[in-house]
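The next block holds one structure in the form of C-alpha cells; read it before the comments.
The values are calculated or read from the model by the stated rules, or taken from the named source; none is laboratory data. Note that the structure is a prediction, hence the values are computed from the model and not measured. Methodologically, a virtual Cβ is constructed for each residue, glycine included, from the backbone with ideal geometry; neighbour enumeration extends over all protein chains shown.
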Amino acid sequence: MALLELKHVVAGYGGAPILNGVNMAIDQSDIGVIVGPNGAGKSTTLKAIFGLLKVTGGTVEFLGESIANSLPDKLVPKGLSFVPQEKNVFTSMTVEENLEMGAFTRRDDFSETMQWVYEMFPVLAEKRRQPTGELSGGQRQMVAMGRALMSKPKLLMLDEPSAGLSPRYVIEIFETIVRVNQEGVGVLMVEQNARQALAFASKGFVLAQGQNRFTGTGAELIADPEVAKSFLGG
Amino acid sequence: MTELVFFINQVVISGAVLGCIYALGAVGITLIFGILRFAHFAHSELMTSGAFFAFMLAALFASWGIVTPIPLGFVVLPLAMVMSAIFALGIDKGFYAPLRKRGAKPVILLIASIGVTLMVQGLIRLFFGAGSYSFFENETKDIFRIDLAFLGSTRPLVITEPQLLMIIVTVVSVLALHFFLTRSRLGKAMRAMADNPDLAQVSGINTALVVRVTWIVAGALACMAGTMLALDVTLKPDLAFNIIIPIFAAAIVGGLGQAYGAIAGGLLIGFAESLAVFNWTMVLRPLNAVLPEFAQLPATLSLVPTEYKLTVAFVILVVVLLVRPTGIFKGASS
C-alpha cells in the first residue's frame, strides 16, 4: 500500500475541471516530482490533495484511507503537510512563532521537533527571534519548510520550492529536500527546474492538460527522448 | 501651579479616561477586522449592550443587598463580560456566519453590521426605553481630591473612583491581551490568521475556533469599554453609538488589524479631543494682568467648541492617512 495514492482524480475550482484523471502513488521513501507545462494542473494536484479545492471524481487515499475533500486541520494531524508557493510564511511573526504555528495541531511537546528543524536549518536558529518578513527569500523558504515539518509529517508537499531563488539557493533547497527525505519524510513536489529536480526524484510525473503523460523514475524520464523533447526543452 | 493642576484635571485625566474607552473599543474592531476582514459597525452596540448587562447585574446585586467597597459596576464586570462574549458569539452565528458561508464580500458584512446596530439598539429601547440610567442611583461616586497645597496649588487634583478604576482596569486588560497574543497558542493563532489566513488554514489552524475566540475577546473588551463609559457618564441606549466614529478613527489611525496600534490610536484621539476642547483662558488668565485692555483674553479660548469635539477624530484621521496611509503601526491599507 502506497502512502499516498491518487486514482483518476478529477478536480477544479467549480467550472470546468482542471484535473482530468490524475494517477499517482508515493511511498514514504519517495521523492516525487511533478513537472509539466504551465496550466497542466501541477499545483492544482497538490491543492486537490490538500482539500483546498473540490475533488469531484476519482479517489485520494492516504495510508489506505480516503481523504478526498478533507480540510487541512484534519489532514495535518494525519501526517500530511503543504508548503504553498507564495506567501508561505507569517511575515509579521518571528521565525520561532512560525514554527509553532506549524505545530498548532499537536498537543504534545514539540520542542524536540523544533530542535530537529533548527539542526536542519542552522540559520533559522540564529534568527529565531527575528520577524520572518526581515529574512531573505531563501531563508523564508527554509522557514516555510520548517513550519511544514513541525507537524512531523509522513508526506511533505512542496509547491515550487525553488521559485524566485538564486541558483545557489536552489541547490541548497534541493539538498535540504533530499536530506528531509533521508530522515524518513516522503516528498511530493511541483518543480519548474524540471531537469534538476528529476535528477534526484525517485518518482517523476509529467502532467499535461490535467492528465499524466509520462510516469517513471526521475532518471527514466530524463532519459526518455520524448519527455526530453516535449517537456524538458530538448 | 494651580493652572497646571487644572490642566491635568481637564486634559490628562479626562483624556486618559476617554482614551481608555476608545482603546478598548478600537482593539475589538481591529481584531475583528484582522480576522474577518470587515469593519464591524455594530461594535458600538456590543459596548452599549455590555453596559446594560452590567447595569442589570448591578441592579440585581443591589437588590440582594450586596454592598461592595468599589462601585458595583466594576464588581459585576467579569460576569457582564462573559454575557457579552456569549452575545457576540450569538450575533456572529446568527448574522455574520451565514453570510461568510455564502462568500459575502466585506461590504455586505459591513451593511449587515449596520443592520445589527439598529436591531440591538431597538431591542434595548424596547426593554429600557429611551431614558438614561445611572449606576450611582443608590451608590455614591467617590471623588478623590488630592490636596496639592504643598506645591503651591489652590486647586486639588480631582479624580473620581470610577475614573481611577477605569485606568487601572484598562492597563491590566491591555497587558493581559498582550500576553494572550504573544504567549498563548490561540493568541498566536489569531495573529497568524490576521497575517495570512490561507497559510493559517494550510498549517492546520482551526480557523473556526480562532473566529470564536476573536468574538469572545472583542465582546468582552467591548463590554468593559461600554460599562466604563456608562460609569463615567450615564447609561442610555445610544451610549456608544455616539462615539463609534472616534473609535473607528482610533482603529484606522493605529493601523487596521494592529492591536497595539488601536490602543495607541485610542489614547491619541482621547487626549487630542480633551486637549482640543480645553479652555486655555483658564490657564492663561494671569496674563490678563499684563495684557492691555483691548487684548484681554475671551472667556473661552479653546481650539474647537465642545459641540465639535467629534471633528477632532476626523482631523487626526485625515492627517495620519495623508502622512502614513497604513496607520501608525502599518496595518492593512484597505
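Every condition in (1) over 18 Å from residue A:190 (Cα atoms); (2) part of a helix (DSSP H, G or I) holds for residue A:141 except the one numbered (1).
Can you say whether residue B:76 is surrounded by 14 or more Cβ atoms within 10 Å (Cβ to Cβ) and without any contact (Cβ under 8 Å) to a residue 24 or more places away in the chain, as far as the supplied structure shows? The answer is yes for residue B:76.
For every residue, the table says whether it meets (1) within 14 Å of chain A (Cβ to nearest Cβ); (2) in contact (Cβ under 8 Å) with a residue 12 or more places away in the chain; (3) closer than 30 Å to residue B:4 by Cβ; (4) touching a Pro at 6+ places or on another chain (Cβ under 9 Å).
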{"residue": "B:116", "(1), (2), (3), (4)": "no, yes, no, no"}
{"residue": "B:132", "(1), (2), (3), (4)": "no, yes, no, yes"}
{"residue": "B:172", "(1), (2), (3), (4)": "no, no, yes, no"}
{"residue": "B:193", "(1), (2), (3), (4)": "yes, yes, no, no"}
{"residue": "B:196", "(1), (2), (3), (4)": "yes, no, no, no"}
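Scanning segment B:224-237 turns up one or more residues that are out of contact with any helix residue (DSSP H, G or I) (no Cβ under 6 Å at 6 or more places or on another chain) and surrounded by 21 or more Cβ atoms within 10 Å (Cβ to Cβ). The set of residues in segment A:79-104 that are over 19 Å from the mean Cα position of the chain (by Cα), crowded, with 17+ Cβ neighbours inside 10 Å and not hydrophobic (A, V, I, L, M, F, W, C) comprises A:92, A:94, A:96, A:97, A:100.
Exactly one residue out of B:290, B:319 is more than 32 Å from the chain's Cα centre (by Cα) and modelled with pLDDT of 80 or more: that is B:290. Taken residue by residue, segment B:247-266 has no member that is among the β-branched types (Val, Ile, Thr), within 17 Å of residue B:16 (Cα to Cα) and outside any helix (DSSP H, G or I). The selection criterion, being among the aromatic types (Phe, Trp, Tyr), assigned to a helix (DSSP H, G or I) and either within 13 Å of chain A (Cβ to nearest Cβ) or more than 24 Å from residue B:267 (Cα to Cα) (or both), does not hold for residue B:179. Tell me yes or no: at least one residue of segment B:271-280 is surrounded by 24 or more Cβ atoms within 10 Å (Cβ to Cβ), touching a Leu at 6+ places or on another chain (Cβ under 9 Å) and under 30 Å from residue B:56 (Cα atoms). No - not one qualifying residue is present in segment B:271-280. All of (1) under 18 Å from the mean Cα position of the chain (by Cα); (2) over 15 Å from residue B:234 (Cα atoms); (3) hydrophobic (A, V, I, L, M, F, W, C) hold for residue B:95 with one exception: (1). Note on segment A:172-189: residues that are farther than 26 Å from residue A:93 by Cβ and either within 12 Å of the chain's Cα centre (by Cα) or in contact (Cβ under 8 Å) with a residue 24 or more places away in the chain (or both) total 6. Considering segment B:168-191, and only residues there that are small (Gly, Ala, Ser) and under 16 Å from residue B:32 (Cβ atoms), the residue that is nearest to the chain's Cα centre (by Cα) turns out to be B:187. Filtering segment B:201-212 to residues that are of a type in the set (A, V, I, L, M, F, W, C) and within 7 Å of chain A (Cβ to nearest Cβ) leaves B:202, B:205.
Taken as a whole, the condition of being in contact with a strand residue (DSSP E or B) (Cβ under 9 Å, 6 or more places away or on another chain), closer than 23 Å to residue A:6 by Cβ and not aliphatic (A, V, I, L, M) does not apply to residue A:184.
The combined condition, being farther than 25 Å from residue A:32 by Cα, within 14 Å of chain B (Cβ to nearest Cβ) and basic (Lys, Arg), is fulfilled by residue A:129. When B:131, B:90 are checked against the criterion of being within 30 Å of residue B:9 (Cβ to Cβ), exposed (fewer than 13 other Cβ atoms within 10 Å of the Cβ) and of a type outside the set (Ser, Thr, Tyr), B:131 stands alone in meeting it. For segment A:162-172, does any single residue satisfy the condition of being within 26 Å of residue A:63 (Cα to Cα) and touching a helix residue (DSSP H, G or I) at 6+ places or on another chain (Cβ under 7 Å)? So far as segment A:162-172 goes, no, none of its residues is within 26 Å of residue A:63 (Cα to Cα) and touching a helix residue (DSSP H, G or I) at 6+ places or on another chain (Cβ under 7 Å). Only a single criterion out of (1) buried (at least 21 other Cβ atoms within 10 Å of the Cβ); (2) more than 23 Å from residue B:40 (Cβ to Cβ) is not satisfied by residue B:247, namely (2).
Scanning segment A:68-110 for residues being more than 18 Å from residue B:185 (Cβ to Cβ) and either within 9 Å of chain B (Cβ to nearest Cβ) or in contact with a strand residue (DSSP E or B) (Cβ under 7 Å, 6 or more places away or on another chain) (or both) gives a total of 17. When B:145, B:185, B:191, B:100 are checked against the criterion of being basic (Lys, Arg) and touching a strand residue (DSSP E or B) at 6+ places or on another chain (Cβ under 8 Å), a single residue qualifies: B:145. Only one of the listed residues (B:80, B:97) is within 30 Å of residue B:9 (Cβ to Cβ) and assigned to a helix (DSSP H, G or I). That residue is B:80. Selection of segment A:35-67 for residues being in contact with a Gly (Cβ under 8 Å, 6 or more places away or on another chain), among the hydrophobic types (A, V, I, L, M, F, W, C) and either more than 14 Å from chain B (Cβ to nearest Cβ) or not in a loop (DSSP other than H, G, I, E, B) (or both) yields A:35, A:40, A:62, A:63.
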